[in-house]
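Read through the structure below, which is laid out as structure tokens, and then see the notes.
The values are calculated or read from the model by the stated rules, or taken from the named source; none is laboratory data. Keep in mind that this is a model prediction, so the values were computed, not measured. Neighbour counts are summed over all protein chains in view; Cβ atoms, including those assigned to glycine, are modelled from backbone coordinates with ideal geometry. SASA here: full protein model, heavy atoms, side chains in, ligands and nucleic acids out. Shrake-Rupley method; radii C 1.70, N 1.55, O 1.52, S 1.80 Å.
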Amino acid sequence: MTSSELWTRATADRYDAEETEMSSAAVLGPTLDFLAELAGDGRALEFAIGTGRVGVPLRERGVQVAGIELSEHMAAVLRRKADEVTLPVTIGDMATTLVPGEFTLVYLVYNTITNLLTQDEQVECFRNAARHLTPGGRFVIELGVPPLRFLPPGQVAVPFDVSEQHLGFDTFDLVEQILVSHHFTREGDDGRYRRSNSRHRYAWPAELDLMARIAGLELERRVADWDGSPFTQDSAKHVSVWRKPS
């Protein structure tokens, strides 16, 4: 098993309810368009498929989708939406687990490569993607740009959400490139908050490009979002596409 933290049953059961915005048509529409175009008539493999937020609707569009998922609890939630024949899921980590066959597209969305907490494991994730791709196939990652520009000297925390139902901030270990996301989520009307946190290893776009080169992949394009908007020095995230040479 890799260093990824294992999602519990309780977290899996509430995941979809807490990610309604990310499951909206406004977010998923451009995401599915982008991925379906790259998959073409071939098969797509989603690393860390989770509850199927992207994989299930992509399958409904006619793309043959398979998934790898570390948490059996997350996969169990997906299984309520699609059976094994419709959308096969292999339980395992995204750095080493192999799925039979070849794919024209491997994709990894919503910052999930950062769940691998070492550079070596992130490199192995790229290598695993390359192993599954047909010549000419693509590996796609959606990842936030580390918000270190918001850190004044001596500060190690950056808030990312201050709302009625949720308080969220990230703390940074700048030496190890470890980010910890802290969440305080309101539960009920009595003022109680549930506290949770998760660890991530952040990486810059240029570092990912080097990982891709180690895996034998070439950068094809990088955009700021699934709608294809240009990536600039002010972009908060990127969607990057690497291609396996023919």
By average Cβ neighbour count within 10 Å, what is the ranking of 177-190, 231-244 from highest down? 231-244, 177-190
Per-residue ³J(HN,Hα) for the stretch 235-245, Karplus 6.51 cos²θ - 1.76 cosθ + 1.60, θ = phi - 60°, Hz, x for Gly and Pro: 5, 7, 8, 9, 10, 10, 10, 10, 10, 7, x
When the convex hull of its Cα atoms is projected in every direction, mean area for the stretch 97-228 (nm²): 10.6 nm²
Would you mind telling me the share, in percent, of accessible area of the chain contributed by carbon and sulfur at probe 1.4 angstrom? 53 percent
Just the number, please: percent antiparallel of the DSSP beta bridges in the chain, rounded to the nearest 5. 70 percent
Mind checking the per residue accessible area of the chain for me, 1.4 Å probe, whole number of Å²? 49 Å²
In deg cm²/dmol, rounded to 500, what helix-only [θ] at 222 nm does the chain give when every DSSP H run of at least 4 residues adds -39500 (n - 2.57) and the total is split over its residues? -7500 deg cm²/dmol
Counting Lys and Arg as +1 and Asp and Glu as -1, each charge on the Cβ, what is the dipole of the chain about the Cα centre in debye, to the nearest 20? 340 debye
For the stretch 1-129, what does the alpha-carbon gyration tensor say about shape, rounded, prolate or oblate, given a ≥ b ≥ c as the root eigenvalues, a/c under 1.5 as rounded, and a/b over b/c as prolate? rounded
Reported to two decimal places, what Rg/Rh ratio describes the chain when computed on Cα atoms with Rh from the Kirkwood expression? 0.95
Ordered by residue, what ³J(HN,Hα) values in Hz, to whole numbers, does the stretch 110-127 give under the Karplus form 6.51 cos²θ - 1.76 cosθ + 1.60, where θ = phi - 60° and Gly and Pro are x? 6, 6, 6, 4, 6, 5, 7, 8, 10, 5, 4, 5, 5, 4, 5, 5, 4, 4
Expected max-MSF residue from Pro100, Pro205, Pro147 in the GNM of the chain (alpha carbon, under 10 Å) is Pro100
Highest mean first, how do 132-142, 152-162 rank when packing is the count of other Cβ atoms within 10 Å averaged over residues? 132-142, 152-162
